[in-house]
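Shown next, in C-alpha cells, is the structure this report addresses.
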Amino acid sequence: MSGKAILNMETRRSFLRFATAGFGALAAGATFPSIAADATPLVDRVVTACRRLAPLGWRSLLLAVTGGELDLDAADLAARLTQPLGRIDRTAPGFGDFDISATRAIEPRIPERSLLYHAFAAPSVVTDRNGVLLRGFPTLAEIQAVEDFVYGVVPPSMEELRARAGGYRLGLVVFATQYHNAPDSVHGHHAQLCFSRAGIGRLGTRPALYDGKTRNFTATFENDPFQFRVVPRRYAAYIAAQVPGTWNSFGPQDRLPDDDKRLFWVPLHKLFSGKECIRGLDLNVMFERGLRNDEIAMFHRFLALRGMQTEYRGHVLEEYPFTIKDNRIGSLSDPDLFGAGVLTPRHQPIIEVAKYDKKDLTFRVDGRYTSQPENLQLASLQVLPAAGWSNVPRYMNDAQQDTQRPAPEYVNIRHRVNDDGTITNLNHEPDLIKIINEGGYNTLHYVDGAGDGWVKATCKELNGALEENIPAYCMIGLPDFFPKVKQRDLMLWWTHTVPEPVRAALWVVPPKALSQSRLAANITLPIGFSIDDDSVPAIVTEPRATLGPVQQPNGALMTEKTGLPDGSPGLFDPGWDTSQGIYFSDKDGPLQKFLAGYGLGSPFIEDAKLCAALGAYWPGVAPDATRSFAPDKQIGGMRYPYPTIAPLTDEEVGIVPSPRYGKRMPWDGVPGPTVVDGQFRYAEYMDAWRTDYIDLLGTMTAALTSLIDAAEYKARIMAMAAVYWSLGIHDPDFKDDPKSMGKDAQTAPQKIVAAKATWAVLSFRTLPEPDAGMTEAWQQVGSRIAPGPYYRFHVFRWGDQVPAPNDMYKVRVQMLEEAVAYVAGTKVLLQRDGGSWTLDTSMPT
C-alpha cells in the first residue's frame, strides 16, 4: 500500500469506532470527604456568620430592608430567622429582584425566597441602603452555611421527597450551582439558584482567590498582569428527580423546541452531612473527583491508526504524560477554605515540555501527512478528517460540526529534537514551511493543565433509597480573557436585539452558549456517562408551581462568568473549554454527540492562536486578533481571509503603550501592525506562520481585555459593522449562490464575510469623548455630534503580501486604499484616501 493510500482519511464510521472503543482499564478518581460532620447546629453556623458581618454594614442594611425587624445582633436571632417579616423594601440596592412572594429571612427549602440567602449570595448586594459600600462580604463557606440551613431548618423525610417527585425516578445527583440575578436566572422573573450538571473551572499559574464582593472567583492576579489565577468551580449534591421536558416548571433556561422529548435531572433537596438534612438519618456525604487529559494518548492512537510512526502503544498510553490524571489537574479543596464540593485546578505553568522516562517526549512528523495542505493550519498540524475540502472560503461551514475529533485537533510541530538531543526552534529557520512539508523529524510534545472529568457524591445512608447516582461533568478550561462577557448574553443580544438585516453575517461563528447544547458528557471517561443523557449542559432550577411578575435588579449587576455553561461556547472547532466526540451504535441510527476534552489543541495555546487569528472565532472568549496578523491567512493551501469582528484597541494589541502599566501590553505578546513606506504604503505584520505562542509564554495577559464588559464588547461589534456598511458592504445586497448544492457554493452570509475580509483594520481606538479630528469632521458634514460611544478606525483595502526585507519574522501587505472612520453609536463619519468627510447612517439600528 502506498504512503498516500495509508494516509488517506478512513471513513467517518471507522473514526467513530476508533474514538469510542475501549481504551483499557482507566483509573478512577480519589475520594474526598465532604465538609466534616459538624455537631454545631446549622442555625448556629448561620448566626456566627451574621455576627461577623453585622458590624461591617450588614446589620444596618438588613434593619433598613426589613423596617427594623431583622437585627443581626438580636439575642434571639436564631428564632427570628424563620418568622414572617412585616415588610421587605425591595427598593434597597440589590433587592429589586428578590422574589416578590418571599416573606421570611429563611424560607424552608426555598433559597430564592429566603431574604438572608439572597443578601448573602446575590452579587447585586454590595452597598447599604444609602449606597455606601459594605465593609465586608460573606465567604463562600458562609453562603453554603445559610444554604444548608434553608434546606435543613425543616428536614423532609425520604417519603416526603419521593412524594414530591410525583412518581419519577430519584437519584443522588451532583450539580454545579450559582445564585443568579434575574437576567441570568432560569425563568428571568427574579433571582434564582441555578443548576447545571456541567461546570467549568479554569487553569492558571497562581492560587485561587474568592472575591466576596462579586460572589465569584477572580481570574486575574493583581500583582503581576502576566499571571492568571486558577478559577475553581463549586459543586453540590442533591436528591433530584428525572422528569420529562414537558414538566417545565424547572426550566430549562432558554428552552429548545425539542426539549419536551428529553429527560432532565431536576434538584429537589440539597444533601449535606449531619442529622439535619433528612429526617431520621445521620448522613455522611462524600465527594470524589476524577480528572483526565488524554490528548497525547489519543494522538498516538491516531498515529497508529493512520499507519504513521509511533513507538507508544497499549498500557503505556495510560501513563503520564500520555494521560494526565487527577491531582496533576485539580483537586477538591479543603472544606474549611471554600466549603464542600469546590473543585480547584492545580496552579502550574501554562505549558511545559512533556517528559517520559526522564526524557523529552517526542513524536515523528510524517511528511506524507504534512505535505497535504489541508492538514496544516498556520503551521499547526491539523488532526481532523477533511469532509470535502472547498476551493473557496466557507467559514463556519468548514467547522465540520458532525465530524469526529479522533485526537487533539491541532498539535504543535515546530520544535525539532535533533539526534544529539538539542532543540531547534523551527520558527527561526528560513525554510520553515519546507521543513514541515518534508517532515521526517522528531518534535516536542507539550502538556498543560486542561482536562475534563467528573465530581461524584456518595452517601452510604441512602444506599438502596435512590435509583441512580449521577456525577457532574467538569471541565478545566483555558484562562478567560473576557471574564465580563457571557456567551449567553451575546447569544440573546444577537438573537433578539441586533437588527435583522445585520444579524446573519455579524459573526463568523454565532455565539451559541454551551447551555444551549444538548450533548452527553464524555462517555470515554471511566465513570460511565450515558450517551443518551444529553441534557447535561442545560441550566435548570428547582420546580416552581407559579411565577410572579418580572422583577428588575437594582444593585450592582455582576456580569462576570461563573463557571456555568452559559458562559462557554456551544459549538466546536475544536472548541474552547471542551470539544466534542461522535458516537453511533446503529448504522441506520443517527449520530450522537458528547462533550470530550481530548479534541482540543495540544497544547491548548496551539488552538488559542488559531481561534484568535480568525476573527473572534469564539465570541466573548477568544480575543479578536485578526488585525495582529496579515489578512491573507493562507489556511489549508488557499487564501482564507477573516474580517475583524470585535476589534481590540491599539493599546490591547500593543501598538501603543498602556498608560496604566507604562509599557506595551499586547494580550498575546504579539504586537499589532505598523505602517512602512516603500514602493507602496504597506502594513507590516508579524508572520502568523512563525508566531508561536509557546515562544511567548510569560507575555500573555488578560489585564486589559478583562476590563471590557458586555456593553463595551457589543458596542465595538456594532461600530465595526457600521464601518463595513459605510464602505458599501450592505448585507441585503448579497444573495445565496444558485449552485447551492456544490461544495464551492457560498451562502449570502459567507459572501458578506468574504466582502468584509477585503478590508483590514490598521488602527482602532476608543474615545472617551470626541477628539479634535472627530469634532472637525462633524463640522465638515454640517451636523451635530451624535451620541456615543465614540471610536476611531483606520482601515485599508489590502493587496499583495510580500516578505519584509531582511526580517523573516514579518510580512508586508500592500495598502490599496485607506479610510479613516469616526463612529458615534452606529453613525459613521468616513474619509476615504484623504478626501472629504461623509456621514453614513445606512446601517439599520
Rh by Kirkwood over Cα pairs, then Stokes-Einstein D for region 471-610 at 0.692 mPa s and 37 °C, µm²/s: 191
Size of region 646-705 as Cα extents on the principal axes (Å, biggest first): 38, 27, 23
Potential extension, residue 845-residue 320 segment - 0.36 nm per residue separation minus Cα distance: 183.5 nm
Ellipsoid equivalent to region 250-375 - semi-axes via the Cα gyration tensor, in Å: 42, 24, 13
Inter-centroid distance (Cα atoms) of region 652-673 relative to region 413-455, Å: 28
Equivalent ellipsoid semi-axes - Cα gyration tensor, region 436-512, angstrom: 37, 31, 12
Within region 270-310: backbone nitrogen closer than 15 Å to the residue 159 label point (7 Å, Cα to C-beta): 279-281
Computed Rg/Rh of the chain, alpha carbon atoms with Kirkwood Rh: 0.98
Burial ranking of peptide ranges 649-658, 455-464, 623-632 (average Cβ count within 10 Å, highest at the top): 623-632, 649-658, 455-464
Mean-position separation - Cα centroids, region 315-373 and region 126-166, in angstrom: 37
Simple spin-label estimate for residue 209 and residue 64 in nanometres, 7 Å along Cα-Cβ: 2.8
Calculated P(r) tail over 26 Å for region 56-171, as whole % of Cα pairs: 22
Compactness of region 764-834, expressed as Rg and Dmax over alpha-carbon positions, Å: 15.8, 49
Mean-position separation - Cα centroids, region 742-781 and region 46-108, in angstrom: 52
Residue 737-residue 680 pseudo-label distance in nm [points 7 Å out on the Cα-to-Cβ vector]: 2.6
Global form of region 642-794, assessed from the alpha-carbon gyration tensor, a/c cut-off 1.5: oblate
All lysines inside 20 Å of residue 512 as judged from Cα atoms, apart from same-chain residues fewer than 8 positions distant: 484, 486, 561, 593, 714
Percent of C-alpha pairs per 10 Å bin, region 188-263, short to long: 14, 33, 26, 20, 7, 0
In nm, spacing of pseudo-spin labels at residue 765 and residue 547 (7 Å Cα→C-beta vector): 4.7
Set of region 326-350 residues, backbone N closer than 19 Å to the point 7 Å along the Cα-Cβ line of residue 226: 348-350
Region 147-224 pair-distance distribution - Cα-Cα, 10 Å bins, rounded %: 13, 29, 35, 16, 5, 1
Given charges at Cβ of Lys, Arg, Asp, Glu: the chain dipole, positive-most of 616, 410, 249: 249
23 Å Cα-Cα reach of residue 460 towards lysines, excluding residues that sit fewer than 8 places from it in its own chain: 270, 275
Stretch gain in nm, segment residue 76-residue 656, where the contour uses 0.36 nm per residue and the Cα spacing is subtracted: 202.7 nm
Net lengthening on full extension, residue 465/residue 284 (0.36 nm per residue, minus Cα-Cα): 63.7 nm
Surface accessible to a 1.4 Å probe, residue 594 within the full protein complex, Å²: 0
Karplus-derived HN-Hα couplings along region 236-241 (A = 6.51, B = -1.76, C = 1.60, θ = phi - 60°), whole Hz, x at Gly and Pro: 9, 9, 9, 7, 10, 10
Residue list for region 793-814, given a label point 7 angstrom along the Cα-to-Cβ vector of residue 428 and an amide N cut-off under 15 Å: 808-809
Inverse of mean 1/r across different Cα pairs in region 107-156, Kirkwood, Å: 11.6
By average C-beta atoms within 10 angstrom, highest first, the peptides 772-780, 751-759: 751-759, 772-780
Relative packing of peptides 151-162, 201-212, 544-555 - highest average C-beta neighbours within 10 Å first: 201-212, 151-162, 544-555
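The values are calculated or read from the model by the stated rules, or taken from the named source; none is laboratory data. Small disclaimer: the values here were computed from a predicted structure and weren't measured. Note that each Cβ is placed from the backbone with ideal geometry, even for glycine, and that neighbours are counted across all protein chains shown. These accessible areas exclude ligands, DNA and RNA; they are computed on the full protein's heavy atoms, side chains included. Shrake-Rupley method; radii C 1.70, N 1.55, O 1.52, S 1.80 Å.
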